[in-house]
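Read through the structure below, which is laid out as structure tokens, and then see the notes.
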Amino acid sequence: MENFLNNIMSSIGITDVLDILLVAFIVYKVLGFIRETRAEQLAKGLLVLVAATVLSNFLHLYTLHWLLSGLMTVGLIAIVVIFQPELRRALEHLGRSRFANIMNDIDKDEAKRMVVEIVRAVESMSSSKTGALMVIEREITLSDIVETGTIIDASISAEMIGNIFYEGAPLHDGALILRGDRLYAAGCVLPLTQNKELNKELGTRHRAGIGITENSDALVIIVSEETGVISIAQNGQLTRFIEAKRIEKILLSLYLQEDKRGFFTEKISRVFNRGGKDAEK
């Protein structure tokens, strides 16, 4: 047994390990995509259909097998049509993702300072019922969104955020994009969600906040100008009535990289990041 294991280990090279890691990474991403979209129920249905097709062939139920095989063929075409938005989103993620997360370059002390400033601004705007829409860019670049606004490239501070969203300020109606440790662009236009199941009381600001998270991995903080209620949007989902302490925890987790990134995602990210730095040298 020991010799058998030794033979296996000796036959595994670096390319084999890389191959396994890449396959694991792809499987991880596919499972994540299925979990975050309507595809979860479809995946379960496909598994049942595949199992029934295999079983019908094994039991020599030829007519049933022919019917199920035909359904499989038609089903694959239907998947592409029905899930076109989700497939487009996945391809956009693939084309716009950065293996090296920009937040990795932020010093921990600076990250904590930024979080304090953001929370201070949110609390102040909530108290004064000042509407706000802040988008924190993560691995998916938002260059197309940035182009719709005005580049400000300013240091993150509660005062600056308050000035941007002050009623009457030229950029207060749009979204503020936070890139890394900078207030990067303001007055940006976001895509509205097409989700018809949302509460009809939600206004344009909330629908825009949800919309951008349906097509990116951004985290959005929203302050209602009618009620002062603080909300957070992520992965197409809106959570309302968020307290400042909870926002602080979420942002610290985000900026200090304590969010639940997968093992393989992080390892492969480091490999590509290191490769990029070596190339620059």
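A few comments on the model shown:
- Zone of ALA78's modelled label, taken as backbone nitrogen in the stretch 44-60 under 12 Å from a point 7 Å along Cα→Cβ: 45-46, 49
- Summarising the label geometry, the points placed 7 Å from Cα in the beta-carbon direction at VAL50 and VAL23 lie 1.4 nm from one another.
- Ordering VAL146, HIS206, HIS172 by the projection of their Cα atoms onto the charge dipole of the stretch 105-256, which places +1 on the Cβ of Lys and Arg and -1 on the Cβ of Asp and Glu, puts HIS206 at the extreme positive end.
- Cleavage-rule hits, trypsin sites (Lys or Arg not before Pro), the stretch 201-263, DSSP coil, Cβ neighbours within 10 Å at most 14: LYS260, ARG261
- With a threshold of 22 Å on the Cα-Cα distance, the over-threshold entries among LYS129/LYS200; LYS129/LYS245; LYS129/LYS196; LYS200/LYS249; LYS108/LYS129 are LYS129/LYS196; LYS200/LYS249; LYS108/LYS129.
- Using only side-chain charges placed at the Cβ, +1 for Lys and Arg and -1 for Asp and Glu, the dipole size of the stretch 105-256 relative to its Cα centre rounds to 460 debye.
- Remark: spin-label model distance LEU67-LYS249 equals 5.3 nm, labels positioned 7 Å along the Cα→Cβ axis.
- HN-Hα J in Hz across the stretch 193-201 - Karplus 6.51, -1.76, 1.60, θ = phi - 60°, x for Gly and Pro: 5, 9, 5, 8, 8, 5, 4, 5, 6
- Subtracting the Cα-Cα distance of LEU59 and ASP153 from their residue separation scaled by 0.36 nm leaves 27.1 nm.
- Mean projection area, nm², convex hull over Cα of the stretch 112-255: 7.5 nm²
Values quoted throughout were computed directly from the atomic coordinates according to the rules given, and no laboratory measurement underlies them. Just so it is clear, the structure is predicted and the values come from calculations on it, not from any experiment. Cβ coordinates were reconstructed from backbone atoms using ideal geometry, including for glycine residues, and neighbour counts include every protein chain displayed.
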